[in-house]
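Novice: I have a structure here, written as structure tokens, and I will follow up with some questions on it.
The values are calculated or read from the model by the stated rules, or taken from the named source; none is laboratory data. Every value quoted in this text rests on a predicted model; they were computed, and no experiment measured them. With ideal geometry, Cβ positions are generated from the backbone for all residues, glycine too; neighbour counts draw on all protein chains shown. Please note that ligands, DNA and RNA were not included when accessible areas were found on the heavy atoms of the full protein model with its side chains. Shrake-Rupley method; radii C 1.70, N 1.55, O 1.52, S 1.80 Å.
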Amino acid sequence: MKYYITTPIYYVNDRPHLGHAYTTVAADVLARWRRSKGEEVFFLTGTDEHGAKVAQAAKNANQNPREFCDEKARSFKNAWQRFGIEYSNFIRTTDAAHEAAVQKFLQALFEAGYICKARYKGLYCQGCEQYKIPDDLIEGLCPDHQTKPQEMEEESYFFKLSKLEKDLEQKIESDEIKIRPVERKNEVLSFIKSGLKDISISRKNVKWGIPLPFDAEHTAYVWVDAFLNYLTGLGWDGSVGEDFYKLKTKNQKLDFWPPDLQLMAKDIVRVHATIWLGLLLALKIPPPKNFFVHGFFTLNDQKMSKSLGNVIWPEELTEKFGADAARFLLLSFTPFGQDGDISWEKMAEKYNSDLADGLGNLTSRVFNLIEKNFDGKIEATKSDLDISYLMKDIKIYESLLTIKEKIEWANKYIDENKVWELVKNDKEKGREVLSRLLGAIVAIGEALAPFMPKISEKILARAKAGKIKKGEILFPKIV
Ligand SMILES: [Zn+2]
């Protein structure tokens, strides 16, 4: 079985933030879980590197855009390394092969009659590099930049998205392309039903972009360029129609197409569900099977904001808690798909209660009792801990809750049986209880593998050693 999972590619002007980490860690957990079930998984992430804003930022940094993007792409790779992310490919939209494929695709789109030239007039925000509609603005200002967009008019090429309105509606409505949580599906559907407009897909004065093959004065607008990464990340060369299928039989990676799961935050589901899916449907490339849309974190009930200093950076999280605990904490505050609130206090509390006092205490107590009283030798009794039915449904948070319940059960089982006395008074009963506890620890260690790969490895190595030892503390308490 092949499984293809993607995160969005991240905008290279951004510093890797907690939202990026959230999506990427979730994707890594799901990818690892699928691999553990024997599936062949391709996990794609990367960076989105074109546009006037990138060129401007490079200039401000006294770098050429290429150097600037190289450095920024590296900072994302480093961030993912710190979280123990194992992606299959890291795609960059400035890769030559990506650029060539985008051009080939746009030529095909043009020949298929999906592109027309028109004048585009609107309110343009320099900061967003985007035209704004009045509904986007708050008191006439761009909400992201607090600036007044300029009235602008230019010649542009348009993608005839309106032609695909019915097709998109039908495929999303019927769950042929399944969007979850269902609130997000409904939101997307009502947007589509309100009428899709053709969208401008080219810019004239943006040099740091992919030139249109049929008019080199224009470069492709970032969305079109960026979305096609999901195809080029598999080595697609821009082929469409019959050639697409021919290429698929020759290229093993492209055989992963279509994506089984595309993860994204809720602010970009609409563009994915219209522009991205529209591009595929226009040229009859099979669309992705699932979108799963997650929410945002607030920090102490406030929007995270760099300018207000109200931010937790991903590297601060891994530094304080270590990679595995940071992964665990990111995913255990709120059901995947909903908004959540975090704070340093809440995270430290959760770390101490669930990991140091919960899992850490359980393993050290059980291993210690086995080492001291049975010379490290006890057979584990097989124990059940099934999270498959949850993980299949992308219920990541619920899976962690189920594991947590097992840990709580085991700790309580030690206390209720007063195992430290039992091993002195009734050695056989003590052996039986510890055997059951060891089995529970093995089941917990295995279930945690996708979430906390290194910790899981340590726990299982100790639990399955010929001679069990207490070993070092897994989760030092944080004060
Ligand atoms: Zn703006």
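Let's see how each residue does on (1) open to solvent by 60 Å² or more (accessible area, probe 1.4 Å); (2) in contact (Cβ under 8 Å) with a residue 12 or more places away in the chain; (3) not aromatic (Phe, Trp, Tyr):
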{"site": "VAL188", "(1), (2), (3)": "no, yes, yes"}
{"site": "LYS197", "(1), (2), (3)": "yes, yes, yes"}
{"site": "SER200", "(1), (2), (3)": "no, yes, yes"}
{"site": "PHE214", "(1), (2), (3)": "no, yes, no"}
{"site": "TYR221", "(1), (2), (3)": "no, yes, no"}
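Novice: A further question follows. For ALA447, which of the numbered conditions (1) of a type outside the set (Lys, Arg); (2) at pLDDT 95 or above; (3) open to solvent by 90 Å² or more (accessible area, probe 1.4 Å) fails to hold?
Specialist: Here ALA447 meets the rest and fails (3).
Novice: Another question, then. Sort out which residues of the range 223-237 are open to solvent by less than 30 Å² (accessible area, probe 1.4 Å) and assigned to a loop (DSSP other than H, G, I, E, B), and write them in order of number.
Specialist: Just the residues of the range 223-237 that are open to solvent by less than 30 Å² (accessible area, probe 1.4 Å), to begin with: 224-234, 236.
Result: LEU228, GLY233, LEU234, TRP236.
Novice: Given (1) open to solvent by 20 Å² or more (accessible area, probe 1.4 Å); (2) more than 25 Å from ALA31 (Cα to Cα); (3) part of a helix (DSSP H, G or I), identify the lone condition not met by ALA410.
Specialist: Only one criterion is unmet by ALA410, namely (1).
Novice: Would a scan of the range 23-37 turn up a residue that is in a loop (DSSP other than H, G, I, E, B), in contact (Cβ under 8 Å) with a residue 12 or more places away in the chain and either in contact with a Leu (Cβ under 7 Å, 6 or more places away or on another chain) or not acidic (Asp, Glu) (or both)? Steps first, please.
Specialist: Applying the first criterion (in a loop (DSSP other than H, G, I, E, B)) to the range 23-37 yields 37.
If we keep only those that are in contact (Cβ under 8 Å) with a residue 12 or more places away in the chain as well, we get 37.
Subset that is either in contact with a Leu (Cβ under 7 Å, 6 or more places away or on another chain) or not acidic (Asp, Glu) (or both): 37.
The answer is yes; a qualifying residue exists.
Novice: Let me ask you something else. Suppose we filter the range 163-183 for residues that are assigned to a helix (DSSP H, G or I) and either of a type in the set (A, V, I, L, M, F, W, C) or in contact with a Lys or Arg (Cβ under 6 Å, 6 or more places away or on another chain) (or both); how many remain?
Specialist: Filtering the range 163-183 for residues assigned to a helix (DSSP H, G or I) gives 163-173, 182-183.
Right, trim to either of a type in the set (A, V, I, L, M, F, W, C) or in contact with a Lys or Arg (Cβ under 6 Å, 6 or more places away or on another chain) (or both) and you get 164, 168, 172, 182.
Count: 4.
Novice: Continuing with the same structure: Failed condition for THR219, given (1) more than 29 Å from GLU155 (Cβ to Cβ); (2) assigned to a strand (DSSP E or B), with all others met?
Specialist: Every condition holds for THR219 apart from (1).
Novice: Among the residues of the range 1-48, which ones are acidic (Asp, Glu) and over 19 Å from VAL293 (Cβ atoms)? So that I can check it myself, show each step before the final result.
Specialist: First, the residues of the range 1-48 that are acidic (Asp, Glu): 14, 28, 39-40, 48.
Answer for the range 1-48, where residues must be acidic (Asp, Glu) and over 19 Å from VAL293 (Cβ atoms): ASP14, GLU39, GLU40.
Novice: Also, quick follow-up: Restricting to the range 111-131, name every residue that is more than 16 Å from the ligand (Cβ to nearest atom) and within 30 Å of LEU141 (Cβ to Cβ). So that I can check it myself, show each step before the final result.
Specialist: Step one: filter the range 111-131 for residues more than 16 Å from the ligand (Cβ to nearest atom), giving 111-121.
Within the range 111-131, ALA118, ARG119, TYR120, LYS121 qualify.
Novice: Now for a different question. Look at the range 238-250 and say how many of its residues are open to solvent by less than 60 Å² (accessible area, probe 1.4 Å) and not hydroxyl-bearing (Ser, Thr, Tyr). Show your work before the answer.
Specialist: Kept after step one, since they are open to solvent by less than 60 Å² (accessible area, probe 1.4 Å), are these residues of the range 238-250: 238-241, 244, 247-248.
Filter again for not hydroxyl-bearing (Ser, Thr, Tyr), leaving 238, 240-241, 244, 247-248.
Final tally of qualifying residues: 6.
Novice: Further question: Being part of a helix (DSSP H, G or I), in contact with a helix residue (DSSP H, G or I) (Cβ under 8 Å, 6 or more places away or on another chain) and free of Cβ contacts under 8 Å to residues at least 40 places away in the same chain, is that true of even one residue in the range 463-472? So that I can check it myself, show each step before the final result.
Specialist: Within the range 463-472, the subset part of a helix (DSSP H, G or I) is 463.
The next check asks that each one be in contact with a helix residue (DSSP H, G or I) (Cβ under 8 Å, 6 or more places away or on another chain); those that pass are 463.
From what's left, free of Cβ contacts under 8 Å to residues at least 40 places away in the same chain: none.
No.
Novice: Is it the case that the range 294-309 has a residue that's out of contact with any Pro (no Cβ under 7 Å at 6 or more places or on another chain), more than 29 Å from LYS464 (Cα to Cα), without any contact (Cβ under 8 Å) to a residue 60 or more places away in the chain and hydrophobic (A, V, I, L, M, F, W, C)?
Specialist: yes
Novice: For LEU434, which of the numbered conditions (1) buried (at least 22 other Cβ atoms within 10 Å of the Cβ); (2) over 14 Å from LEU369 (Cα atoms); (3) in contact (Cβ under 8 Å) with a residue 60 or more places away in the chain; (4) of a type outside the set (Lys, Arg) fails to hold?
Specialist: Checking LEU434 against (1) buried (at least 22 other Cβ atoms within 10 Å of the Cβ); (2) over 14 Å from LEU369 (Cα atoms); (3) in contact (Cβ under 8 Å) with a residue 60 or more places away in the chain; (4) of a type outside the set (Lys, Arg), the one that fails is (2).
Novice: Restricting to the range 25-39, count the residues that are more than 18 Å from the chain's Cα centre (by Cα) and either at pLDDT below 95 or buried (at least 22 other Cβ atoms within 10 Å of the Cβ) (or both). Can you show your working first?
Specialist: In the first step, residues of the range 25-39 are kept if they are more than 18 Å from the chain's Cα centre (by Cα); the result is 36-39.
Going one step further and asking which of them are either at pLDDT below 95 or buried (at least 22 other Cβ atoms within 10 Å of the Cβ) (or both), we end up with none.
Residues meeting the conditions: 0.
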